[in-house]
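K.L.:
First the structure, then my questions, so here it is.
The values are calculated or read from the model by the stated rules, or taken from the named source; none is laboratory data. For clarity, every value in this text was computed on a predicted model and none was experimentally measured. With ideal geometry, Cβ positions are generated from the backbone for all residues, glycine too; neighbour counts draw on all protein chains shown.
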Amino acid sequence: NTLSEHNEGYFDLVLMDCQMPVMDGFDATANIRDGIAGDEHKAIKIIALTANAMDSDKERCINAGMDDYLTKPIQLDILKEKIEQYF
């Protein structure tokens, strides 16, 4: 399944893995923000998931168009707080 196969509102947010093979999370985010997944999805909330924990990594994610940032391993309570922050 891809985001483009669904109507707006089907998903509330995307948890974006930055280190995916073939297309990394930065390219995938750029495609979403550019409307490749459909104009209706351009503003979907995207939270980066990355093993990198430096301030420059967070800045790179935000500059790439992601709305927020979490480091791996993901802690359930922190993920819950992030989700509640947006919804």
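K.L.:
Would a scan of the range 4-11 turn up a residue that is among the acidic types (Asp, Glu), assigned to a strand (DSSP E or B) and in contact (Cβ under 8 Å) with a residue 12 or more places away in the chain? So that I can check it myself, show each step before the final result.
P.N.:
Step one: of the range 4-11, the residues among the acidic types (Asp, Glu) are 5, 8.
Restricting the remaining residues to those that are assigned to a strand (DSSP E or B) gives none.
No: zero hits.
K.L.:
Residues in the range 73-82: is at least one under 16 Å from Leu3 (Cα atoms), charged (D, E, K, R) and in contact (Cβ under 8 Å) with a residue 24 or more places away in the chain?
P.N.:
No, there is no match, as no residue in the range 73-82 is under 16 Å from Leu3 (Cα atoms), charged (D, E, K, R) and in contact (Cβ under 8 Å) with a residue 24 or more places away in the chain.
K.L.:
Could you count how many residues in the range 38-72 are under 15 Å from Asp27 (Cα atoms), without any contact (Cβ under 8 Å) to a residue 40 or more places away in the chain and among the hydrophobic types (A, V, I, L, M, F, W, C)?
P.N.:
Residues flagged as under 15 Å from Asp27 (Cα atoms), without any contact (Cβ under 8 Å) to a residue 40 or more places away in the chain and among the hydrophobic types (A, V, I, L, M, F, W, C) within the range 38-72 amount to 6.
K.L.:
Right, here's the next one. Given Lys72, Lys58, which one is surrounded by 15 or more Cβ atoms within 10 Å (Cβ to Cβ), more than 15 Å from Asp12 (Cα to Cα) and among the basic types (Lys, Arg)?
P.N.:
Lys58
K.L.:
Inspect all residues belonging to the range 32-46 and state whether any of them is of a type in the set (Lys, Arg) and part of a helix (DSSP H, G or I).
P.N.:
The answer is yes; a qualifying residue exists.
K.L.:
I'm told Met23 meets every condition in (1) under 26 Å from Lys80 (Cβ atoms); (2) out of contact with any Phe, Trp or Tyr (no Cβ under 8 Å at 6 or more places or on another chain) except one. Can you identify the failing condition by its number?
P.N.:
So the condition that Met23 fails would be (1).
K.L.:
Another question, if that's okay. Tell me the residue from Asp67, Asp77, Asp57, Asp34 that is among the acidic types (Asp, Glu), modelled with pLDDT of 95 or more and touching a strand residue (DSSP E or B) at 6+ places or on another chain (Cβ under 8 Å), please.
P.N.:
Asp67
K.L.:
I want to confirm something. Restricting to the range 1-45 and keeping residues that are under 14 Å from the mean Cα position of the chain (by Cα) and of a type in the set (Gly, Ala, Ser), which single residue is nearest to Leu70 (Cα to Cα)?
P.N.:
By that ranking, first place goes to Gly25.
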